[in-house]
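The block underneath contains the structure these notes are about, expressed in structure tokens.
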2 protein chains.
Amino acid sequence: MVNEDLNIDDQTINEELSIDDLQLHVEEALRAADKEQLDAHLEELHGYDRFRIFDNLDEQERLGFYQLVEPKVISEIFENAESDVVERYLEEMNVQEAAEILSYMATDDAVDVLNHMSAGDITNYLSQMDDEKAQAIKDLLFYEEDSAGSIMAGGAITVLETDNVKEAMKKLVDNAPDAETINVIYVLNEDKVLTGVVSLREMILARRNQMIHDIMTERVIKVTVDTDQEDVVRTMRDYDLTVLPVVDDHNYLQGIITVDDAMDILEEEAQDDYYKLAGISEGEKVRSDDDYYIIPSLKKRLPWLVSMIFLSTVVSFIVSLFDPVLQAVTILAPFVTLVNNMTGVPGIQAAAVAMMRVSSGEFEDDNELLKKFIFKQVLIIVAIGVIIAVIDSLCALFISRGNILIMLIVGVSVFLSSSFNSLVGVGSVVLLHKLNLDPAVASGPLMSTIGDVCGVTVYFTTALIILGAVGIM
Amino acid sequence: MVNEDLNIDDQTINEELSIDDLQLHVEEALRAADKEQLDAHLEELHGYDRFRIFDNLDEQERLGFYQLVEPKVISEIFENAESDVVERYLEEMNVQEAAEILSYMATDDAVDVLNHMSAGDITNYLSQMDDEKAQAIKDLLFYEEDSAGSIMAGGAITVLETDNVKEAMKKLVDNAPDAETINVIYVLNEDKVLTGVVSLREMILARRNQMIHDIMTERVIKVTVDTDQEDVVRTMRDYDLTVLPVVDDHNYLQGIITVDDAMDILEEEAQDDYYKLAGISEGEKVRSDDDYYIIPSLKKRLPWLVSMIFLSTVVSFIVSLFDPVLQAVTILAPFVTLVNNMTGVPGIQAAAVAMMRVSSGEFEDDNELLKKFIFKQVLIIVAIGVIIAVIDSLCALFISRGNILIMLIVGVSVFLSSSFNSLVGVGSVVLLHKLNLDPAVASGPLMSTIGDVCGVTVYFTTALIILGAVGIM
């Protein structure tokens with residue numbers, strides 16, 4: 001598949017060259033230890049493609065790569081990788097090389113990587129960096145995990161209210177090479193307090209002698225350093241922002257959060273919710289290299305399974321208490337599953353809906369809306385309870401070959417236990433949210449096993465009452 | 001809470017004025033039918049806040065709002081709302097007013113709104129617009145739902161390879177007011193084919209007489225009009241893009257997709273996956289107004305519940321077949337739940353992990369990676385099977401007050417059925433993906449009910465074999 005005519009030096013790179021071809025070219029240049037070729041191959045590639053190619057190298061090739069490629073270029077490549085992957089690669093180098101690469105990385109990315117390391121390693125790396133960078137990293141490491149402070153980056157372009165557009169434009173051009181973004185320029189007053197925001201578009205369209213104060217927007221959408229990252233993402237999404245400024249309590253600009261970080265967080269949080277619903281304590285990393293290790297996966301799945309075993313044991317224990325009933329009326333046994341499934345799943349559905357609504361943030365400061373939502377959920381729960389009770393009891397009638405009592409027992413218990421469990425689902429999500437705990441733990445396997453406990457108890461109790469009423473027990 | 005001193009006219013808007021205060025001011029201006037005041041209140045607000053305030057008005061107030069506020073301003077407000085909400089508000093106006101507002105909206109947003117309407121209504125609205133806008137909308141309406149074509153917008157800034165930076169900058173300034181974004185400028189050759197891309201930052205840093213061809217990046221990350229929206233989002237996220245160009249098969253630029261649209265899609269797709277895992281056919285809309293209606297919610301939850309009832313009926317039927325066994329050995333009954341839970345949940349976990357990995361797109365053209373992933377999953381499944389079988393059988397020993405046979409039956413059947421069901425989970429997700437079907441349907445309640453079928457069958461069969469071997473049955 002290698003294109004033999006390819007000659008990088010005279011600018012004839014075929015734009016449609018596939019990643020696989022480029023991979024081969026890079027590996028060839030590495031074998032030949034040809035730095036010039038390697039740099040030429042890397043140059044036209046987007047950082048993410050460079051990383052993909054790098055990531056496919058074997059250890060021997062990677063060691064050659066570290067020798068041949070400038071630390072600055074390696075740092076650019078690493079900015080396209082997940083932080084735990086970068087950490088693993090840094091471990092392959094000596095501390096000095098690794099520290100140099102880290103110090104070239106954007107501060108927020110470097111902090112992400114360091115957060116995977118032990119305190120000792122962090123100190124070790126920081127001591128190898130120049131003081132300014134080390135201090136910038138320390139400042140960010142200080143913020144609580146998942147707060148705006150821990151994910152923000154430096155490199156915002158700031159101008160003064162009293163600048164005119166020409167002066168501001170000069171500041172922008174001077175700072176553009178190192179700036180995280182140039183689309184949005186923040187405006188400070190003489191006390192360095194954030195008072196406004198101007199888009200580059202507005203600057204370009206304004207007259208050169210206009211005062212920044214006159215063209216800026218005063219109502220700046222912003223967050224503080226301790227805002228939770230979920231709220232950061234929600235703010236950026238609602239206001240369609242590509243950059244969000246982060247301020248301290250005194251309205252001093254501390255950093256900015258860019259939309260690419262927000263997208264990563266959005267995806268991460270969505271995956272976390274998904275995994276929790278499936279009963280996995282923390283997302284199994286989407287990473288090829290992890291496919292060699294099974295222990296981390298076991299650690300994520302077993303806690304839920306083991307806690308469920310104990311909850312299921314309670315269910316079995318409850319059923320065993322009803323052994324005399326079962327001995328007398330063995331026909332009851334087949335319908336335990338029918339009732340349990342129709343208890344657990346409506347509960348999960350109700351909890352999942354509440355979970356998504358709560359995490360959308362719409363109830364944050366609107367108790368009226370929350371009340372309306374809960375009221376609607378109660379209506380739905382009752383309606384669903386009636387419908388599935390009718391269908392389920394007809395199925396029970398069929399399986400039991402026309403046993404009206406079984407039909408009655410199944411119908412009544414499905415209605416009662418599905419309604420009760422669904423209310424528990426909605427209620428616990430709302431309650432956990434109000435208590436500032438993670439509502440996601442209330443969903444999934446937990447709801448389904450609590451549903452089982454509730455299902456068997458309601459089922460056998462209903463059976464006892466109805467069979468007692470007709471004189472069978 | 002109203003600040004009596006507030007006087008909009010002399011520019012003393014307090015930046016920290018809360019949304020609630022502004023809401024009251026807007027409502028006041030509406031009651032007084034004071035257009036000037038109303039415009040002044042709206043002016044300093046971000047579009048999303050304007051929408052929040054508008055959305056809180058009652059119908060009477062909204063009708064006044066339509067009278068007082070310019071259609072162009074209303075269109076800006078509507079661009080911050082979900083398309084089905086906009087559709088509902090447009091219905092409150094006459095066709096001409098609504099069409100005017102639609103024609104002021106960004107083409108992609110207008111198409112989103114029209115997609116909620118009947119063909120007749122669409123024709124009606126389009127006939128009221130000027131020909132150019134109507135044609136632009138028709139062009140987009142033509143693309144398949146969820147394709148890049150249907151979500152792209154026009155308004156990209158394009159320059160020619162042969163322009164110099166000064167000429168290109170002039171084109172940018174001329175087009176900036178209507179452009180969707182000015183951060184990225186696309187480069188066309190003389191045949192109008194997309195050949196490169198330049199960032200505004202690169203333009204600002206380049207010398208004014210440099211040729212665009214010499215500063216542009218030739219490897220343009222792009223998608224075609226029929227690329228699926230999930231791949232669009234993945235591409236933007238992987239490459240950290242804020243804008244992605246959409247081309248046709250001949251590499252002509254058709255439109256661009258901006259990161260705020262990508263974030264909305266990412267959230268929507270994540271919610272869809274979440275709801276499917278919980279057994280809800282389609283996301284219940286995160287919308288306050290829907291809280292008055294329960295039928296749409298029932299329609300989304302009942303299909304899963306009803307199909308599960310029928311699957312559970314199969315389970316009950318299987319259990320009823322074993323009635324003679326149960327009559328002979330009633331002690332078997334309590335452990336059905338213990339086995340079933342430990343069959344369903346590991347299956348859901350395995351399916352969920354496969355689901356997230358598959359939807360991350362990493363196996364798209366890498367069968368080696370997929371094989372490695374499946375191999376690892378098999379190891380995990382077996383390991384989990386052994387561990388939960390041991391714990392579960394000890395619990396069974398405890399509940400059955402030391403019945404070694406029950407311990408053996410529960411242990412063996414938990415291992416067999418959990419492994420089998422987990423393999424089905426991973427296998428069906430991978431298979432559905434390979435067949436280009438939505439793998440999300442294989443997870444959640446379906447896996448859990450298939451787990452029940454598998455659990456009871458394996459459990460009673462194992463019981464029969466073991467009890468037969470020791471001569472009890």
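No value in this document is a laboratory result; all are computed from the given coordinates. All figures in this text were calculated on a predicted structure; none of them were measured in a lab. Note that we place each Cβ from the backbone using ideal geometry, even for glycine, and neighbour counts take in every protein chain shown.
Using Cα pairs closer than 8 Å and at least 6 residues apart in sequence, work out the relative contact order for the range A:317-473, in percent.
38
For the range A:325-411, what ratio Rg/Rh do Cα atoms give with a Kirkwood hydrodynamic radius?
1.18
Quick one: what do you get for the range B:45-102 if you divide its Cα Rg by 2.2 N^0.38 Å?
0.99
Restricting to bridges with both residues inside chain B, how much of the DSSP beta-bridge set is antiparallel, in percent to the nearest 5?
Close to 70 percent.
By DSSP, what percent of the beta bridges with both residues in the range A:157-265 are antiparallel, rounded to the nearest 5?
The antiparallel proportion sits near 70 percent.
Count, for each residue of B:104-116, the Cβ atoms from other chains sitting within 10 Å of its Cβ, then give me the mean as a whole number.
For this peptide, the per-residue mean of nearby foreign Cβ atoms is 0.
If eta is 1.002 mPa s and T is 20 °C, what Stokes-Einstein diffusion coefficient results for the range B:8-146, Kirkwood Rh from Cα pairs, in µm²/s?
135
For each of A:Val453, B:Val314, count neighbouring Cβ atoms within 10 Å of the residue's Cβ, then give the residues from fewest to most.
So the ranking, lowest neighbour count to highest, is B:Val314, A:Val453.
Along the charge dipole of chain A, which of A:Met236, A:Ala119, A:Val382 sits closest to the positive end, that is, farthest toward it, with unit charges on the beta carbon of Lys, Arg, Asp and Glu (+1, +1, -1, -1)?
The residue sitting most towards the positive pole is A:Val382.
At most 11 other Cβ atoms within 10 Å and a DSSP loop assignment: could you name the GluC sites (Glu not before Pro) in the range B:45-98 that fit?
Here the sparse-neighbourhood loop sites are B:Glu91.
Pull up all non-local amide H partners of A:Thr224: gap of 5 or more, or a different chain, and H-to-H distance under 5 Å with H placed in the peptide plane.
It is A:Val247, by chain and number.
Please report the projected area of the range A:336-473's Cα convex hull averaged over all directions, in nm².
Convex hull of Cα atoms, orientation-averaged projection: 8.4 nm².
Please work out which residue of chain A brings its Cβ closest to the axis of the rotation superposing A onto B, and round that distance to whole Å.
Nearest Cβ to the rotation axis, residue and whole-Å distance: A:Ala270, 2.
Explain nothing, just the number: relative contact order of the range A:195-281, from Cα pairs under 8 Å at least 6 residues apart, as a whole percent.
After rounding, I find 21 percent.
In this model, which of A:Lys222/B:Lys300; A:Lys434/B:Lys376; A:Lys72/B:Lys171; A:Lys138/A:Lys434; B:Lys300/B:Lys434; A:Lys171/B:Lys170 are farther than 29 Å apart at the alpha-carbon?
Cα-Cα > 29 Å for A:Lys222/B:Lys300; A:Lys434/B:Lys376; A:Lys72/B:Lys171; A:Lys138/A:Lys434; rest within.
Could you tell me what fraction of 2.2 N^0.38 Å the Cα radius of gyration of the range B:157-265 comes to, as a two-decimal ratio?
Normalised Rg, Cα atoms only: 1.05.
Taking a cut-off of 59 Å, what percent of all Cα-Cα pairs in the protein assembly as shown are separated by more than that?
The calculated P(r) of the protein assembly as shown puts 16 percent of pairs beyond 59 Å.
Averaging the inverse of every distinct alpha carbon separation and then flipping it gives the Kirkwood radius. What is it for chain A, in angstrom units?
It works out to 27.3 Å.
For a Förster distance of 22 Å, can you work out the FRET efficiency between the beta-carbons of A:Asn124 and A:Glu92, rounded to the nearest 0.05?
0.90
Between A:Asp248 and A:Asp139, how many nm apart are label points set 7 Å from Cα along the C-beta direction?
Placing both labels 7 Å along Cα→Cβ, they lie 0.9 nm apart.
Using alpha-carbon pairs under 8 Å, 6+ residues apart, how would you state the relative contact order of chain B in percent?
Contact order relative to length: 10 percent.
In deg cm²/dmol and to the nearest 500, what is the mean residue ellipticity at 222 nm of the protein assembly as shown if only DSSP H runs of at least 4 residues count, each as -39500 (n - 2.57), divided by the residue total?
Result for the protein assembly as shown, helices only: -20000 deg cm²/dmol.
What FRET efficiency, computed as 1/(1 + (r/R0)^6) with R0 = 22 Å and r the Cβ-Cβ distance, is obtained for A:Asp214 and B:Ala40, rounded to the nearest 0.05?
0.85
Only bridges with both residues in the protein assembly as shown count here: give the DSSP antiparallel percent, nearest 5.
70
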